[in-house]
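Heads up, the thing below is written out as structure tokens.
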Amino acid sequence: MPLEDDLCDILKKSRAGQGLSVSDLARMTGLPGGDITALERGDRPKDRAEVRALAKALGLRAEPLERIAIDKWEPVAQQMPFWVELVQGAINGYGVQGYILHDEDEAVLVDTAYNAPVMLDQLRRRGLRLLGICLTHGHADHADGIEQILDRYEVPVYLGPEDVELLGWRPRRELLVVPSDGLSVRVGRRTLRCMPTPGHTPGGICYCADDAQVPVCFVGDTLFAGSIGRSNPKELYPSHLSSVTHRVLTLSPDYRLLPGHGPATTVEEELEHNPFAALP
């Protein structure tokens, strides 16, 4: 699976998050504004010096940005643990991913993948009893379809309270649970731990599942392999960087990070290859 973000996406997200115009960036780097615009439209960089100049001006890590822009780095392919089911969907042709964490005969959903019918079908095929819906944030591609699921299973919906207004359809108030820091959700013999990570949205949440062999963190759009989601609103950009560096990337290096878009990665890979991640 290719990276969710190329150089063009990384530049736009970082520049917008800092409230910089193309002219501002041109002045800071000494590069022509037209060249920067072309890069943000998907042109290849002229050389490594150009990438390094942009990285320095934007406060990004230069070597990881070079590897993505020039060397075409991709993370080592990660196999899904047997107790996690990947569900893929699409909204207007844009791919999105959700997950089913299951143990014994119990399960929780992490996001809906904009594909509630497949989520429901997988629960039925596996004979699983749904215990809850854990939303990483309130955007439609991750949350729409909860009404179809709740029509079949009346279960708690875990969502940061700041994101409730983003929902296109809201469950009854008594079904909404605030996933406070460290709150545990039991699934069979497993435990899913809530970890607030504001930045992509005000109420963003990651969900960690410890495991002796394959610990996992469902990161939604907080982090992508080699990038991050768009900070929305842009004023959340500093909080977003803090969530990535001081929360997600302080997990054990062997944690597998399962995002809402693009390939899975690991904490170890992102510490080395993510341009947005300052070393803790």
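The Rg/Rh ratio for the stretch 76-193 is 0.94, where Rg is the radius of gyration of the alpha carbons and Rh is the Kirkwood radius. Given labels modelled 7 Å from the Cα in the Cβ direction, how far is it in nm from E235 to E104? So the label points at E235 and E104 sit 4.6 nm apart. For S184 and A49, the difference between the fully extended length at 0.36 nm per residue and the C-alpha to C-alpha distance is 43.9 nm.
For the stretch 7-69, take every pair of Cα atoms, bin their distances at 5 Å starting from 0, and report each bin as a whole percent. The calculated distribution, bin by bin, is 4, 21, 36, 31, 9, 0.
For every other residue with a beta carbon closer than 11 angstrom to the beta carbon of Y207, add +1 if it is Lys or Arg and -1 if Asp or Glu, then tell me the sum. Taking every other residue near Y207 into account, the sum is 0. Counted over all Cα-Cα pairs of the chain, pairs farther apart than 34 Å make up 20 percent. For the chain, the relative contact order is 18 percent, taking Cα pairs closer than 8 Å that sit 6 or more residues apart in sequence and dividing their mean separation by the residue count. Annotation for C8 and A278: the two label points, set 7 Å from Cα along the Cα-Cβ direction, are 3.0 nm apart. The spacing between the stretch 252-268 and the stretch 189-218, judged by their C-alpha centroids, is 11 Å.
The calculated 222 nm mean residue ellipticity attributable to helices in the chain amounts to -8500 deg cm²/dmol, summing -39500 (n - 2.57) over DSSP H runs of n ≥ 4 and dividing by all residues. Rounded to the nearest 5, the antiparallel percentage of DSSP beta bridges internal to the chain is 70%. With all pairs of separate Cα atoms included, the stretch 184-242 yields a Kirkwood hydrodynamic radius of 12.3 Å.
Fully extending the segment from L176 to T37 would add 45.7 nm, taking 0.36 nm per residue of separation and subtracting the current Cα-Cα distance.
Counting only residues at least eight positions apart within a chain, or on another chain, the aspartates and glutamates with an alpha carbon under 16 Å from that of K234 are D9, E162, D163, D221. Sites listed here are trypsin sites (Lys or Arg not before Pro) in the stretch 96-204 whose DSSP assignment is loop and whose Cβ has at most 14 other Cβ atoms within 10 Å: R172, R189. For the stretch 7-69, relative contact order (Cα pairs under 8 Å, six or more residues apart, normalised by length) works out to 35 percent. As I understand it, the dipole of the chain uses +1 on the Cβ of Lys and Arg and -1 on the Cβ of Asp and Glu, about the Cα centre. Which of S21, V177, P117 lies farthest toward its positive end? Positive-most Cα among the choices belongs to S21.
Only the coordinates and a few stated rules stand behind these numbers; no lab work does. Note that the coordinates shown come from a computational prediction; the quantities given were computed from them, not determined experimentally. Positions of Cβ are generated from backbone atoms using ideal geometry, with glycine treated the same way; all protein chains shown enter the neighbour counts.
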